Amino acid sequence: MDTMVHSLSQAVESLHEDIFKAVDPLGDAEINWVHPQLSNTIGILLRHVAGSERYWIGEVVGGRAMHRKRETEFTHEPLTKAPLVENLRRAHSQVQEVLQSLSAGDLASLVDVPSQSGTRQHTKAWAILRSIQHMSYHLGQIQLFKKMATTAQTAEGRL
């Protein structure tokens, strides 16, 4: 694997490890905990990260049809941790397959990316970095929500 591609793959790997580490000790109650003034939960974020990663790296970079329905990633219903973690693990595996198939030259290839203002062209490297940035942002939210959820439930006497 090319050095640059390997570095990007390692960054994705590291983010996944941090997400799994953050959610490992949590139960379904913490996965579904929602701050009274916010709408997302850790479970919703796990589902969204998997969908986003499949889209940006699997579909945009890898050319694989992922049939993403972004709006369904944010629906509110009781979620169970195990299937969410498994879904993210499968997304990670799919993404790593795409990354391992890339060369340095592939990173400079242009891809068309639909946006609200029309189609834009970006390099595959840009799309991968966009995914990494997005995952990093949501990792921070997951870590913060974890602290808030466990603090709130301890204060309520549930833990």
Of all residues making up the range 4-40, the number that are touching a residue at least 12 places away in the same chain (Cβ under 8 Å) and assigned to a helix (DSSP H, G or I): 19
For the range 64-74, name all the residues that are of a type outside the set (D, E, K, R) and surrounded by 12 or more Cβ atoms within 10 Å (Cβ to Cβ). M66, F74
Answer yes if at least one residue in the range 73-91 is of a type in the set (D, E) and at pLDDT below 95, and no otherwise. yes
For residues that are farther than 30 Å from I42 by Cβ and not small (G, A, S), scanning just the range 94-120, find the one that is most open to solvent (accessible area, probe 1.4 Å). R120
Failed condition for Q10, given (1) within 19 Å of Q143 (Cα to Cα); (2) surrounded by fewer than 21 Cβ atoms within 10 Å (Cβ to Cβ): (1)
Mind checking which residues of the range 75-93 are surrounded by fewer than 20 Cβ atoms within 10 Å (Cβ to Cβ) and within 13 Å of the chain's Cα centre (by Cα)? V85, E86, N87, R89, R90, S93
So which pairs qualify, if the first residue must be in the range 122-141 and without any contact (Cβ under 8 Å) to a residue 60 or more places away in the chain, the second must be of a type in the set (S, T, Y), the Cβ gap must be under 7 Å, and the two must be at least 6 apart or on different chains? T123/S109
Exactly one condition in (1) touching a strand residue (DSSP E or B) at 6+ places or on another chain (Cβ under 7 Å); (2) under 22 Å from I19 (Cβ atoms) is not met by E77; state its number. (1)
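Is it the case, given these coordinates, that A125 is surrounded by fewer than 13 Cβ atoms within 10 Å (Cβ to Cβ), at pLDDT 95 or above and of a type outside the set (V, I, T)?
Judged against the criteria, A125 is not a match.
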Out of the residues in the range 22-45 meeting the condition of being closer than 11 Å to T150 by Cα and touching a Ser or Thr at 6+ places or on another chain (Cβ under 9 Å), tell me which one is surrounded by the most Cβ atoms within 10 Å (Cβ to Cβ). I31
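The values are calculated or read from the model by the stated rules, or taken from the named source; none is laboratory data. A quick note: this is a predicted structure, and the numbers were derived from the prediction, not measured. Note that we place each Cβ from the backbone using ideal geometry, even for glycine, and neighbour counts take in every protein chain shown. Heavy atoms of the whole protein, side chains included, go into the accessibility calculation; ligands, DNA and RNA do not. Shrake-Rupley method; radii C 1.70, N 1.55, O 1.52, S 1.80 Å.
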